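A.B. asks: There's a structure below that I have some questions on.
The values are calculated or read from the model by the stated rules, or taken from the named source; none is laboratory data. None of these values were measured; they are calculated from a predicted model. Virtual Cβ from ideal backbone geometry, glycine too; neighbours counted across all protein chains shown. The area values use the complete protein model at the heavy-atom level, side chains included, leaving out ligands, DNA and RNA. Shrake-Rupley method; radii C 1.70, N 1.55, O 1.52, S 1.80 Å.
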Amino acid sequence: MQITKRNKLVEFLKSYWAYLSVAVVVLVVAITVGVLAGGQSVPTTTPSLEFSLPMNEANIVKDFSSTELQENETLNQWEAHLSVDFTSENADVFAVLDGTVSKVSYDLLNGYTVEITHDGGFVSQYASLAEEPTVSEGEAVKSGQKIGTAGNSASFESHLDNHLHFTLLLNDQPVDPNNYLDLQNK
Ligand SMILES: [Zn+2]
């Protein structure tokens with residue numbers, strides 16, 4: 001009887017370990033598959049766009065306003081200002097984000113203007129530049145790269161003297177740069 005019992009126990013343990021081994025293998029495979037699948041299912045987030053400032057130590061002489069009208073002393077009229085005007089002792093103007101120069105133009109109203117197209121539907125425009133912007137159309141620019149010098153070429157804001165008239169577009173609509181650029185930490 002004793003021997004038989006022991007044999008039964010041994011048989012039980014043998015089959016128990018066999019089941020256990022199978023269970024361990026299944027568990028390891030399940031965890032491995034789970035980790036791999038989990039790793040792949042992590043959503044790829046688009047990197048947040050970090051804007052830099054278009055001028056160093058700049059003062060805002062005229063802020064963005066879409067609803068409140070502001071006086072334009074040059075034109076002697078009240079109007080919305082869908083841009084931000086900057087002045088600074090250092091007149092250098094910089095790209096606010098990596099991108100490609102999509103336009104370099106001159107017209108009487110806006111003066112010398114550089115337009116840069118960025119990722120994410122953003123376009124930045126730098127108007128009232130001094131003559132001869134230092135970049136040309138089709139050129140790739142880096143965030144913080146000098147693209148020109150603030151001037152007084154925009155006739156519609158000539159009373160502001162040397163300044164940058166900065167406009168930020170998102171999907172072709174002007175947006176408040178305050179929502180994207182850290183203008184309070186300039
Ligand atoms: Zn302006």
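A.B. asks: Search the range 64-74 for residues being over 25 Å from the mean Cα position of the chain (by Cα), in contact (Cβ under 8 Å) with a residue 40 or more places away in the chain and open to solvent by 20 Å² or more (accessible area, probe 1.4 Å), and hand back the single one that is nearest to the ligand (Cβ to nearest atom).
C.D. replies: Thr74
A.B. asks: Mind listing just one residue for me: the one in the range 161-186 that is closer than 16 Å to Thr117 by Cα and open to solvent by 70 Å² or more (accessible area, probe 1.4 Å) and, of those, farthest from the ligand (Cβ to nearest atom)?
C.D. replies: Asn171
A.B. asks: If I ask for residues that are crowded, with 16+ Cβ neighbours inside 10 Å and more than 16 Å from the chain's Cα centre (by Cα), which ones from the range 116-133 would you list?
C.D. replies: The answer is Tyr126, Ala127, Ser128, Leu129, Ala130, Pro133.
A.B. asks: May I ask you to say which residue of Ser143, Ser158 is within 15 Å of the ligand (Cβ to nearest atom) and surrounded by fewer than 19 Cβ atoms within 10 Å (Cβ to Cβ)?
C.D. replies: Only one candidate qualifies: Ser158.
A.B. asks: Any residue in the range 72-85 that is at pLDDT 95 or above, part of a strand (DSSP E or B), on the phi < 0 side of the Ramachandran plot and in contact with a strand residue (DSSP E or B) (Cβ under 7 Å, 6 or more places away or on another chain)?
C.D. replies: yes
A.B. asks: Also: Where residues in the range 75-111 are away from the ligand (no atom under 16 Å from the Cβ) and among the polar types (S, T, N, Q), which of them is surrounded by the most Cβ atoms within 10 Å (Cβ to Cβ)?
C.D. replies: The qualifying residue surrounded by the most Cβ atoms within 10 Å (Cβ to Cβ) is Ser102.
A.B. asks: Write out, first by first residue and then by second, each pair whose Cβ atoms fall under 7 Å of each other, whose residues are 6+ apart or on separate chains, and whose first residue, in the range 127-139, is free of Cβ contacts under 8 Å to residues at least 24 places away in the same chain while the second is open to solvent by 20 Å² or more (accessible area, probe 1.4 Å) and outside any loop (DSSP other than H, G, I, E, B).
C.D. replies: Glu131/Tyr112; Thr134/Lys146
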